[in-house]
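The structure under discussion appears below in the form of structure tokens.
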Protein chains: 2
Amino acid sequence: MRALTALSERSVPTVSSEELAAAAGVNSAKLRKDFSYLGSYGTRGVGYDVEYLVYQISRELGLTQDWPVVIVGIGNLGAALANYGGFSARGFRVAALIDADPAMAGKPVAGMPVQHTDDLEKIISENGVSIGVIATPAGAAQQVSERLIAAGVTSILNFAPTVLSVPEGVDVRKVDLSIELQILAFHEQRKAGEEAAAAAAGGSSSVGGAAAAAAVVPPAGRTAAEQRKGGPEGDVPAVMPA
Amino acid sequence: MRALTALSERSVPTVSSEELAAAAGVNSAKLRKDFSYLGSYGTRGVGYDVEYLVYQISRELGLTQDWPVVIVGIGNLGAALANYGGFSARGFRVAALIDADPAMAGKPVAGMPVQHTDDLEKIISENGVSIGVIATPAGAAQQVSERLIAAGVTSILNFAPTVLSVPEGVDVRKVDLSIELQILAFHEQRKAGEEAAAAAAGGSSSVGGAAAAAAVVPPAGRTAAEQRKGGPEGDVPAVMPA
DNA sequence: TCATGTGAAAGTTTTCACAGCA
DNA sequence: TGCTGTGAAAACTTTCACATGA
């Protein structure tokens, strides 16, 4: 979708699966197969109409409608989220900012007055909000989630470092900022291990009890699109069988 | 690892693959197979020693060492990251906060004086930093990444809404806050579609050209551990073959 | 006796390669 | 001719089920 949007902005009329795959850093056959599940939106011998494809995928991903969201907990992170331009650019409208601190009430953040938690239920129902963002301290998160859900929210993006317990039918996504760092650290460690291994090539290595430094992820040429989610390989650090 | 840490905090001495799998919401056979790649750390008939397993996995994930990181761009998000307790709790030490605004220099954020970009190279080398966090505006990110890399950083966590172009050997993870919302919105849309489908059960549905609402992700019972990454199924919205 | 560790089976995803159509 | 759409093959992941050992 990112690659497509970029093409659309450059007013490129059509694109082949090969070109789009290169831009997105995926295999062209996979891209075609994936698109085929949505329907036959391409033209043989020509490629895909960029605008049409953008529309079809947007629709499929639910980006054609406008989603009102509330952000609860307007600390540093909440304020950062409120100011984050990417939301409005992608079909999300920040309907309200909510905080439990009475001193925050009325204060403008990102050009919008912060409202008090007391009005949470009213705000949710009046705006037809179904997606809530929790950026409160860990201690408040569970309670906030319960109030959000009782008021009608069915999807929650949780930045608080707690696992929320929610009824079935409610989706929770947890963003753990430190996990991203952990994944980088994992690969950093591997790099160090590889260097050491290369330096001591052939030497008598003292392996403790496991395949600690022995299992090495193949470096492989990195394409721009692997930045989709980052690290050398996938999302989860892979430990290869021996 | 989360499940294990919880057991460790409750001073549970040993755990079977079955128990741990239930707590983590995964299949016990998979858990055993995964562990087997790290080594044979269990005892047949007994299970796994919690502390020992925590240690082994920590080591494998690179959590036993302390990683100094710098945060560049001390706006709302940068400040939020600096204040985020989760980092220090997981083996990361914020070595420095760096901002390009001279007015920020010296200001304390999270009990630490903000330093000016001019000193970036010096800070990196003196602290032996290999992981950098970019929380600058999009326009500054590429340049900042280049300076970080030139100074010796080999892993970057990028919060700026830009794709960074980096030399081979440097890892970049991009955190796109709006993508999380998009995934929630995708599932929201599905929920709405399922309701509509249930309401009009048996009726003559007008399918446009594709399997729009036709492809439905099975709701399935949700376990706590699915919150690892959120949505009903995996990371990426799945469209099922017909 | 109980739970690990692991071959083998089942299931899923990705890639190949080419028929078919504009 | 050129590129899509897709069966079939290959690669990979997950689960089963049981021999093995504490």
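B:His116 exposes around 40 Å² of accessible area when a 1.4 Å probe is run over every protein chain in place.
Arrange the peptides A:27-33, A:39-45, A:13-19 so that the one whose residues have, on average, the most other Cβ atoms within 10 Å appears first.
On the way: A:27-33: 13.6, A:39-45: 11.7, A:13-19: 16.3.
Ranked from most to least packed, the peptides come out as A:13-19, A:27-33, A:39-45.
In the complete set of protein chains, residue-level accessible area for A:Ser125 is approximately 80 Å², probe 1.4 angstrom. Label-point distances for A:Pro167 to the equivalent site in the other copies, using a point 7 angstrom along Cα→C-beta, read 5.7 nm when ranked shortest first. Would you be so kind as to identify which of A:Ala82, A:Ile156, A:Val72 lies farthest towards the positive end of the dipole of the range A:67-175, taking Lys and Arg as +1 and Asp and Glu as -1 on Cβ and the Cα centre as origin? Farthest towards the positive pole: A:Ala82.
Using a 1.4 angstrom probe on protein heavy atoms only, the contact between B and A buries about 6800 square angstrom of accessible area, both sides summed. Sorted shortest first, the separations between the A:Ala29 label point and its copies elsewhere in the assembly read 2.9 nm; each point sits 7 Å from Cα along the Cα-to-Cβ line. Bridge orientation summary for the range A:52-136: considering DSSP beta bridges with both residues in this region, about 15 percent are antiparallel.
Apolar share of the accessible surface for the range B:2-61: 53 percent from carbon plus sulfur atoms, 1.4 Å probe.
For peptide B:155-166, the mean count of partner chain Cβ atoms within 10 Å of a residue's Cβ comes to 4. Take the Cβ-Cβ distance between A:Gln143 and A:Ala103 as r, set R0 to 25 Å, and report the resulting FRET efficiency rounded to the nearest 0.05. Efficiency computed from Cβ-Cβ geometry: 0.80.
How many partner chain Cβ atoms sit within 10 Å of a residue's Cβ in peptide B:132-138, on average, as a whole number?
Numbers: counts 1, 4, 0, 1, 0, 1, 2.
Mean number of neighbouring Cβ atoms from other chains: 1.
Is the shape of the range B:2-61 best called rounded, prolate or oblate, per the rule: a/c under 1.5 gives rounded, else a/b larger than b/c gives prolate, else oblate, with a ≥ b ≥ c the square roots of the Cα gyration tensor eigenvalues? Note, shape of the range B:2-61 comes out rounded. Per-residue mean of foreign Cβ neighbours for A:65-77 is 3 (Cβ atoms of other chains, 10 Å radius).
What separates the A:Asp101 label point from its copies, with the point 7 Å along Cα to Cβ, is 1.8 nm, written shortest first. Taking the 1.4 Å solvent-accessible surface of the range A:67-175 as the whole, the part contributed by carbon and sulfur is 55%.
The values are calculated or read from the model by the stated rules, or taken from the named source; none is laboratory data. The structure displayed is predicted, hence computed values, not measured ones. In this analysis, Cβ positions are derived from the backbone assuming ideal geometry, glycine residues included, and neighbour counts consider all displayed protein chains. Surface areas here come from the heavy atoms of the whole protein model, side chains and all, with no ligands, DNA or RNA. Shrake-Rupley method; radii C 1.70, N 1.55, O 1.52, S 1.80 Å.
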